[in-house]
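> There's a structure below that I have some questions on.
The values are calculated or read from the model by the stated rules, or taken from the named source; none is laboratory data. Here the structure is a predicted model, which is why all the values come from computation and not from measurement. Please note: Cβ atoms are built from the backbone with ideal geometry, for glycine as well, and neighbour counts cover all protein chains shown.
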Amino acid sequence: MVATINGATANAVNTKVTLCGIEMDNPVMAASGTFGYGKEFAELYDINQLGSFSFKGTTLKPRFGNETPRIAECPQGMLNSVGLQNPGVDAVISEELPELAKVFHKPVMANVCGGSPEEYAAVTAKLEAADQNADCESAQPQIGWIEVNISCPNVKDGGMAFGTDPNAAASVISAVRRETKKPLIAKLSPNVTDIAEIAKACEAAGADGLTAINTLLGMRIDLRTGKPILAREVGGFSGPAVFPIALRAVWQVTHAVDIPVIGCGGISSAEDVLEMMMAGAKAVQVGSANLVDPYACVKIIEELPAAMEKYGITSLEGICSEESRKNM
């Protein structure tokens, strides 16, 4: 194994990337909903080895989540219908972020959710104010990016996800944009006819970056009862099986917009990271793999320098550059 020191290796392999102006030691982030608010994983290893992570989707008020069962296993993946269970933004600010600051000394990505543009904006405004008022020893803010989960159901439009309509997606991004100067990342839904159209609408509304993709809709049926396993019948499908779909989405989106893209969906190895970045991703998020193996992210990071050397890659910034995307 080649030792990694400050984003570079003894053989001059450079794993550092810059995402929306924020430098990261490596491109590997844990995806929202699979890493909590960090403290559980911090008990297992030094989470500062990560490039960063996106914390659990946070709403204005506490949410208990959906009824159970809300997890179903699948070959090469899983279904979840957790329903954005979280303590609400006020508790995140007063309890979770101070605890996180003790163990994580890098900017974290805040994932915000809501049932209306106004709710997204309100959550963002509270996080922005808390970050400005925080008594931090570090000169850098605790929250580096705001990730907007536009796969949330629009309560004003019959439950349709904001991310399935360009105008609805833009309305959320515009509302959040007014409340923060932080880099704004829109997390895209794959459950659409043309993901590039949604991406372009988010870019035009003020997004600084995109995460592609969120989970796909799926279902399992219990053969003994003939009924869906999940209480809500359908849920989000994630895991290794979705990697080719996520890779296609990243490639498609990076050719449609001029803002950076974070690749997410089915990543479970260092080779997957490189493939995502060759498709145009600036960074990646690891999701379901964390639920199978809590050490998944750190293992991928440890394996990344050797994988880069194997394929003759000296710098990750080089394989996700504008020039490399145009040559695909």
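> Mind counting the residues in the range 266-296 that are in contact (Cβ under 8 Å) with a residue 60 or more places away in the chain, under 13 Å from residue 211 (Cα atoms) and in a loop (DSSP other than H, G, I, E, B)?
Count: 3.
> Listed residues 21, 51, 36; which is at pLDDT 95 or above and in contact with an Asp or Glu (Cβ under 7 Å, 6 or more places away or on another chain)? Don't jump to the end; show me each part of the working.
Details: 21 fails: in contact with an Asp or Glu (Cβ under 7 Å, 6 or more places away or on another chain); 36 fails: in contact with an Asp or Glu (Cβ under 7 Å, 6 or more places away or on another chain).
Residue meeting the stated conditions: 51.
> Does residue 106 count as modelled with pLDDT of 95 or more, under 19 Å from residue 235 (Cα atoms) and touching a strand residue (DSSP E or B) at 6+ places or on another chain (Cβ under 9 Å)?
On the way: modelled with pLDDT of 95 or more: yes; under 19 Å from residue 235 (Cα atoms): no; touching a strand residue (DSSP E or B) at 6+ places or on another chain (Cβ under 9 Å): yes.
Spelling it out, it is not the case that residue 106 is modelled with pLDDT of 95 or more, under 19 Å from residue 235 (Cα atoms) and touching a strand residue (DSSP E or B) at 6+ places or on another chain (Cβ under 9 Å).
> Continuing with this model, one more query. Only residues that are of a type in the set (Val, Ile, Thr) and without any contact (Cβ under 8 Å) to a residue 12 or more places away in the chain: list them for the range 173-196, please. It would help to see each step written out before you state the result.
Applying the first criterion (of a type in the set (Val, Ile, Thr)) to the range 173-196 yields 173, 176, 180, 185, 192-193, 195.
Listed by number, the list holds a single entry, 193.
> Restricting attention to the range 233-256, report how many residues are without any contact (Cβ under 8 Å) to a residue 60 or more places away in the chain and part of a loop (DSSP other than H, G, I, E, B). Talk me through it step by step, then tell me what you get.
Here is the first cut: in the range 233-256, the ones without any contact (Cβ under 8 Å) to a residue 60 or more places away in the chain are 233, 243-248, 250, 252.
Subsequent filtering for residues that are part of a loop (DSSP other than H, G, I, E, B) retains 233.
Of the residues in that region, 1 qualify.
> Okay, moving on. Please give the strands (runs of 3 or more DSSP E) falling wholly within the range 63-120 in which 3 or more residues are surrounded by fewer than 16 Cβ atoms within 10 Å (Cβ to Cβ) and touching a helix residue (DSSP H, G or I) at 6+ places or on another chain (Cβ under 8 Å).
The strands (runs of 3 or more DSSP E) meeting that bar number zero.
> To continue, here is another question. For residue 235, work out the one condition from (1) modelled with pLDDT of 95 or more; (2) buried (at least 24 other Cβ atoms within 10 Å of the Cβ) it doesn't fulfil.
Result: residue 235 passes all but (1).
> Now, a different point. Does the range 299-307 contain at least one residue that is in contact with a helix residue (DSSP H, G or I) (Cβ under 6 Å, 6 or more places away or on another chain), in a helix (DSSP H, G or I), farther than 15 Å from residue 30 by Cα and not aliphatic (A, V, I, L, M)?
yes
> May I ask you to list the residues in the range 54-99 that are charged (D, E, K, R) and modelled with pLDDT under 95? Step through it out loud before you land on a result.
Here is the first cut: in the range 54-99, the residues charged (D, E, K, R) are 56, 61, 63, 67, 70, 73, 90, 95-96, 99.
Residues satisfying the conditions are 63, 67, 70, 73.
> Would you call residue 266 within 17 Å of the chain's Cα centre (by Cα), buried (at least 22 other Cβ atoms within 10 Å of the Cβ) and under 20 Å from residue 290 (Cβ atoms)?
Working: within 17 Å of the chain's Cα centre (by Cα): yes; buried (at least 22 other Cβ atoms within 10 Å of the Cβ): yes; under 20 Å from residue 290 (Cβ atoms): yes.
Yes: the conditions hold for residue 266.
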